[in-house]
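One structure is given here, and the rest of the page talks about it.
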Amino acid sequence: MQCWGLTDAGCVRAQNQDVFKIEQLDKNSVLCIVCDGMGGAKAGNVASALAVDVFVEEVRNAWNSGLEQVQIEQMLQQALKQANFAIFDQAKQFEEYSGMGTTLVAALIKGEEVTVINVGDSRTYAVSDSGIRRITIDHSLVEVMVQRGELTPEEAKTYPGKNYITRAVGTESMVEGDIYHVDSPKGSYLLLCTDGLTNTVDDQEILFEVVHGVKKQECCQHLLDIAKGRGAPDNVTSVLVQL
């Protein structure tokens, strides 16, 4: 298993409010996390950084190689709960942080078992020679409208309210993440990313770069280059895992 990650402010934003981390838990287990902060010039950056730090620390402290699958799910939800509390508490204490929050998507890879937790519209994809599949479902207005048949996926990309998310970490006193289990055949890939990538680079382009790129360690840079070539109006972050 190998992991690579990259984050960039993009072409328009002065500050990068995306944060990612790749944490080796033991020789067969890795935690990858991506957060996209929101809430003003300083607050978004604080929220995403705090979420990553607290979430990773909670998982690290709880980690036990003998954990059953259901315990992993509970551990991820607990780590999310603690990250949510930390952000919500800071937002209550400091006026300049009021209303801050962040998306969060994390994948815990333990041998051949992959467990994903998601809040917001940052995504996890499963990628292999046979194609690309979005694992997570966005907590967003446009996702709801697509599910209802009110928008097509193509229309959702340009819909004025596409950046409105319906669930975030830190904006309410409690939050629950969606849990997904991913089939992870050896040689396949996971891609975690923020909407700064998926709003500018489509799924088939991601598939091509991941599967057919010459050097996997350069894949995240190639995806960033495509996004920046199209103006990259938002921060861009991706984490690639070769299973």
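Derivation of every value follows stated rules applied to the coordinates shown; laboratory data play no part. Computed from a prediction, not measured in an experiment: that's the story for all the values here. With ideal geometry, Cβ positions are generated from the backbone for all residues, glycine too; neighbour counts draw on all protein chains shown.
Shape summary of the stretch 58-155, radius of gyration then Dmax from alpha carbon positions: 16.8, 50 Å. With the simple spin-label model, which puts each label point 7 Å out from Cα in the Cβ direction, the Ser130 to Tyr164 separation comes to 3.9 nm. The label point for Gln147 and the one for Arg60, both projected 7 Å from the Cα toward the Cβ, are 3.5 nm apart. Exposure proxy for Asp121, Asp129: other Cβ atoms within 10 Å of each Cβ, ordered fewest to most, give Asp129, Asp121. Taken as entire DSSP H runs, the helices of the chain that both span 18 Å or more between Cα atoms along their own long axis and average -0.5 or more on the Kyte-Doolittle scale are 43-62, 69-93. When the chain is treated as a GNM with alpha-carbon contacts under 10 Å, the residue of Gln71, Gln24, Gln90 showing the greatest mean-square fluctuation is Gln71.
Sort the stretch 1-119 into rounded, prolate or oblate with this rule: let a ≥ b ≥ c be the square roots of the eigenvalues of the Cα gyration tensor; rounded if a/c is under 1.5, and if a/c is not under 1.5, prolate when a/b is larger than b/c, oblate otherwise. In terms of gyration-tensor shape, oblate. A run of the chain free of exposed loop cleavage sites, with trypsin sites (Lys or Arg not before Pro) counted only in DSSP states other than H, G, I, E and B and at most 12 other beta carbons within 10 Å, reaches its longest extent at 28-185.
Taken about its Cα centre, the stretch 1-40 carries a charge dipole of roughly 40 debye when the Cβ of each Lys and Arg holds +1 and the Cβ of each Asp and Glu holds -1. In vacuo Debye scattering of the chain, one point per C-alpha: log10 I(q)/I(0) at q = 0.13, 0.16, 0.18 Å⁻¹? So the normalised log intensities are -0.75, -1.17, -1.46. For the stretch 104-143, just say rounded, prolate or oblate: build the C-alpha gyration tensor, square-root its eigenvalues into a ≥ b ≥ c, call rounded for a/c under 1.5, and beyond that prolate if a/b exceeds b/c, oblate if not. Because a/c hits 1.5 or more and a/b fails to exceed b/c, the stretch 104-143 counts as oblate. In this structure, the residue pairs whose Cα-Cα separation is over 19 Å, taken from Lys81/Lys157; Lys27/Lys81; Lys42/Lys92, are Lys81/Lys157; Lys27/Lys81. Summing Lys, Arg as +1 and Asp, Glu as -1, what charge do residues with Cβ under 14 Å from the Cβ of Ala49 carry, Ala49 excluded? So the environment of Ala49 carries a net charge of -2.
Working note: 222 nm ellipticity from helices only, DSSP H runs with n ≥ 4, each -39,500 (n - 2.57), summed and divided by the residues of the chain, gives -10500 deg cm²/dmol to the nearest 500.
Of the residues Gly131, Gly44, Gly196, the one that moves most in a GNM of the chain with alpha-carbon contacts below 10 Å is Gly131.
A DSSP coil position with no more than 14 other Cβ atoms inside 10 Å describes the following chymotrypsin sites (Phe, Trp or Tyr not before Pro) in the stretch 93-192: Phe94, Tyr164. Between rounded, prolate and oblate, where does the stretch 159-216 land on the alpha carbon gyration tensor, with a ≥ b ≥ c its root eigenvalues, rounded for a/c under 1.5, else prolate if a/b exceeds b/c? Oblate is the answer for the stretch 159-216, as a/c is 1.5 or above yet b/c matches or exceeds a/b.
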